[in-house]
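Engineer: Have a look at the structure that comes next, please.
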Amino acid sequence: MAVVEQVEAWVARAQTKLQNGGLDAADLDELLQAVRKGRILRQRLLYLHAATPGIRSQVIGMALHEPTPGSVTQIEAEPQAWPYKTVHDAILDAWKVIHFPDQRTPFDDREIDLLGYEFILQKLEDDDE
């Protein structure tokens, strides 16, 4: 039984107990054990390269790293296929920035061997399988 299903079942039993006299500490221990048991968080990484160091700047490159064995980094060259046009768009979709680019003076990426300003984002997702 997946963690979500275990918690849903616990809530249903708890609602009945509340109507018939209440919960006790053992009930809460059971819930805590269900939540801790089997909860695996997978870290997804998204590298977004932006034209400037601002989060609302246009994305000019991206790479997605999935937390699965044998996965291949997805580097999408076609901007129309990118899921986000800005870093801000990714933040709105629950990605969290874990690395901001250097905020010092801007540069012209034609002069050095870098692609824009690199933001690294993560999304932690439950894996109940």
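Engineer: Mind giving me the nanometre distance, one decimal, between the label points for R56 and Q80, set 7 Å out from Cα along Cα→Cβ?
Structural biologist: Rounded to a tenth, the inter-label distance reads 2.7 nm.
Engineer: What residues qualify as long-range amide H neighbours of T86, i.e. H under 5 Å apart, gap of 5 or more or another chain, H built at 1.01 Å from N?
Structural biologist: V59
Engineer: Starting from the Cα of D89, move 7 Å in the Cα-to-Cβ direction to define the label point; list residues of segment 59-79 whose amide nitrogen is under 19 Å from there.
Structural biologist: 59-65, 74-79
Engineer: From the phi angles alone, apply the Karplus equation (6.51, -1.76, 1.60; θ = phi - 60°) to segment 55-61 and give each ³J(HN,Hα) in whole Hz, x where the residue is Gly or Pro.
Structural biologist: Ordered by residue, 3J(HN,Hα) equals 6, 9, 6, 5, 6, 10, x Hz.
Engineer: May I ask you to derive the FRET efficiency for A14 and D126 from their Cβ-Cβ distance with R0 = 25 Å, giving the value to the nearest 0.05?
Structural biologist: Numbers: r = 21 Å, r/R0 = 0.86.
That pair, A14 with D126, gives E of 0.70.
Engineer: Using the Karplus curve 6.51 cos²θ - 1.76 cosθ + 1.60 with θ = phi - 60°, what ³J(HN,Hα) values do you get for each residue of segment 7-21, in whole Hz, with x for Gly and Pro?
Structural biologist: 5, 4, 5, 4, 4, 4, 5, 5, 4, 5, 5, 5, 6, 9, x
Computed from the coordinates by the stated procedures, all read-outs in this text should not be read as laboratory data. Only a predicted model underlies this, so the values are computations on that prediction, with no experimental measurement involved. Please note: Cβ atoms are built from the backbone with ideal geometry, for glycine as well, and neighbour counts cover all protein chains shown.
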